[in-house]
Amino acid sequence: FLVAIRAPPGMRRRLLLYGFYAGVALAVLTKGLVGAVIPAMVIGAWILLLGEWRLLREIHLPSGLVIFFAIATPWHVLVWQANPEFGRFYFIHEHFERYLTTAHQRYQPVWFFIPVLFAGLYPWVALLPYALRDHARNLWRERKRNGDTWFLLLWAGLPFVFFSLSSSKLIPYVLPVVPPLALLLGRWLAQRWEREIPRARGAFIALFIVSIALAVVLSMAPRWFADRANVAVIGAQLGTGIYFMAGGTLLAGLLPFLAWLRRDRRLTLATLFIGATLLIASFDLNLARLDVGRSVKELALQIKPELKPADEVMTYETYYQDLPVYLERRVTVVNWKGEIEFGTSVEDTRAWMIETPEFRRRWNGPARAYLLTSRSNYDKLRADPPGPMRLLAQTAYAVLLVNREATP
């Protein structure tokens with residue numbers, strides 16, 4: 001949209017705008033109504049702020065809406081026809097109730113996205129205050145002249161406030177804020193660093209100090225917080241990888257600081273890129289070690305060759321989304337509904353979503369039963385066992401139990 005309105009009237013602008021409307025429609029199909037809410041909110045506020053009402057006649061709104069609805073509508077209509085309950089679940093539960101209530105159990109404080117954004121933009125975040133300060137000069141008095149800057153600021157600010165006020169927060173919600181901040185910072189760097197290194201002494205000193213602090217906390221966390229089960233498990237899974245992550249964090253602040261001391265603007269900018277690359281690489285290569293805590297693939301593949309049609313596989317007070325995929329069969333879920341609770345109200349799931357009494361009956365029945373659950377749930381089961389059970393295998397996060405040996 002921003003590129004389109006900067007282009008002169010003609011076919012190129014029309015095609016760019018049509019691409020924008022198509023993109024909004026695909027965003028709705030991907031992430032729901034918010035895919036249209038964010039663009040409408042930002043563009044609407046921008047037009048209102050600048051008083052550029054003429055743009056409503058120049059952005060091909062009628063034909064653009066035709067493109068939007070032609071792409072976004074069919075799927076919604078077809079799903080609604082096949083599932084009469086879709087309307088309330090999709091529009092009310094997954095949008096309004098998710099935003100206004102804690103029904104989805106994703107509540108976080110209003111400041112939640114501040115540290116998330118800080119970490120996501122590190123180490124560039126050190127220069128962001130200077131970029132915003134310089135962009136803010138004469139911003140209101142010459143707002144029409146600074147229309148692009150206002151567009152980027154609204155693009156960053158409104159979604160940030162919108163999601164910060166939500167009663168349901170997840171880390172990826174803040175992603176729409178990142179591109180406009182990157183554009184603002186990139187433009188500032190292009191303007192200032194062509195001439196001289198900016199006077200941003202506080203930024204590089206703070207970056208250096210923060211990088212040292214973060215590196216120390218990362219490397220020492222398994223020792224300092226050894227009494228916390230989750231930290232201990234994560235530390236064990238990362239192993240020496242946690243020191244590489246700490247090293248990447250340290251270099252992301254140290255290298256730009258040393259280059260800045262030499263007053264070499266090109267070297268300083270280059271080391272910011274190098275530091276950011278090392279930081280991302282150190283985390284990307286090592287966080288994959290945590291996959292074992294998010295998956296039960298190892299346990300699933302262990303029992304898959306032994307499974308017979310009459311055997312039953314259960315999960316207890318949790319649900320592993322990859323388990324049915326690896327086993328290629330339905331899994332019985334005990335004492336858990338979570339985000340699929342709505343489905344239990346419109347389908348008969350009594351055969352495979354069960355509570356404790358039915359679980360105990362099946363566990364002590366004639367069929368062989370396997371059970372996968374977390375280690376903490378395993379401790380509860382050992383305190384009050386449902387019947388005979390034997391530990392077959394375990395990972396750092398999950399255990400695999402069986403009620404009896406296989407029959408010949």
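The values are calculated or read from the model by the stated rules, or taken from the named source; none is laboratory data. All values reported here derive from a predicted model rather than from experimental measurement. With ideal geometry, Cβ positions are generated from the backbone for all residues, glycine too; neighbour counts draw on all protein chains shown. To get the accessible areas, we keep the full protein, side chains included, count just its heavy atoms, and leave off ligands, DNA and RNA. Shrake-Rupley method; radii C 1.70, N 1.55, O 1.52, S 1.80 Å.
The sum of -39500 (n - 2.57) across all DSSP H runs of n ≥ 4, divided by the residue count of the chain, sets its helix-only mean residue ellipticity at 222 nm to -18000 deg cm²/dmol. Here the label points at Leu16 and Leu285, each 7 Å from Cα along the C-beta direction, are separated by 4.1 nm in the simple model. Placing +1 on the Cβ of every Lys and Arg and -1 on the Cβ of every Asp and Glu, with no other charges, gives the stretch 273-327 a dipole of roughly 160 debye about its Cα centre. Placing +1 on each Lys and Arg Cβ and -1 on each Asp and Glu Cβ, with no other charges, gives the chain a dipole about its Cα centre of roughly 1500 debye.
Site pair Ala310 and Ala45 shows an inter-label distance of 6.4 nm when each label is modelled 7 Å from Cα along Cα→Cβ.
With a Förster radius of 56 Å applied to the C-beta separation of Ala232 and Arg6, the computed FRET efficiency comes to 0.55. Please identify which residues in the stretch 365-384 have an amide N closer than 13 Å to a label point set 7 Å out from the Cα of Arg390, following the Cα→Cβ vector. Residues passing the 13 Å test: 368-370. The value of relative contact order for the stretch 1-143, using C-alpha pairs under 8 Å at least six residues apart, is 19 percent. Can you give me the Cα centroid spacing of the stretch 66-122 and the stretch 239-268 in angstrom? That distance is 39 Å.
Computed extension length for Ser63-Ala82: 3.9 nm, one decimal, from 0.36 nm per residue of separation with the Cα-Cα distance subtracted.
Note on Ile212/Thr277: beta-carbon distance plugged into 1/(1 + (r/R0)^6) with R0 of 25 Å gives a FRET efficiency of 0.80. Each Cα pair under 8 Å and six or more residues apart adds its sequence gap; the mean of these over the residue count of the chain is a relative contact order of 10 percent. With the charge dipole of the stretch 255-408 set up from +1 on Lys and Arg Cβ and -1 on Asp and Glu Cβ about the Cα centre, the Cα lying farthest toward the positive end among the listed residues Leu392, Leu258, Ala281 is that of Leu258. Which shape class applies to the stretch 240-337: rounded if a/c is under 1.5, otherwise prolate when a/b exceeds b/c and oblate if not, where a ≥ b ≥ c are the square roots of the Cα gyration tensor eigenvalues? Prolate shape, in that a/c is at least 1.5 and a/b is the bigger ratio. Just the C-alpha atoms of the stretch 205-290: what Rg/Rh do they give, with Rh taken as the Kirkwood radius? My calculation puts Rg/Rh at 1.07. Take the Cα of Ile340, step 7 Å toward its Cβ, do the same at Ile171, and the gap between the two points is 2.5 nm. Extension gain for Arg133-Leu258 works out to 42.6 nm (0.36 nm per residue, less the C-alpha to C-alpha distance).
Would you please give the FRET efficiency between Leu381 and Ala119, computed as 1/(1 + (r/R0)^6) with r the Cβ-Cβ distance and R0 = 35 Å, to the nearest 0.05? Efficiency computed from Cβ-Cβ geometry: 0.40. Surface analysis of the stretch 286-408 yields an accessible area of 57 Å² per residue, using protein heavy atoms and a 1.4 Å probe.
Placing unit charges on the Cβ atoms of the charged side chains and taking the dipole of the stretch 254-408 about its Cα centre, the candidate lying farthest along the positive direction among Leu290, Thr344, Ala369 is Leu290. Among the listed pairs Lys308/Lys380; Lys169/Lys304; Lys297/Lys380; Lys308/Lys337; Lys31/Lys144; Lys31/Lys304, a Cα-Cα separation exceeding 31 Å is found for Lys169/Lys304; Lys31/Lys144; Lys31/Lys304. With the largest listed first and rounded to whole Å, the semi-axes of the equivalent ellipsoid of the stretch 24-143 from the Cα gyration tensor are 33, 25, 12.
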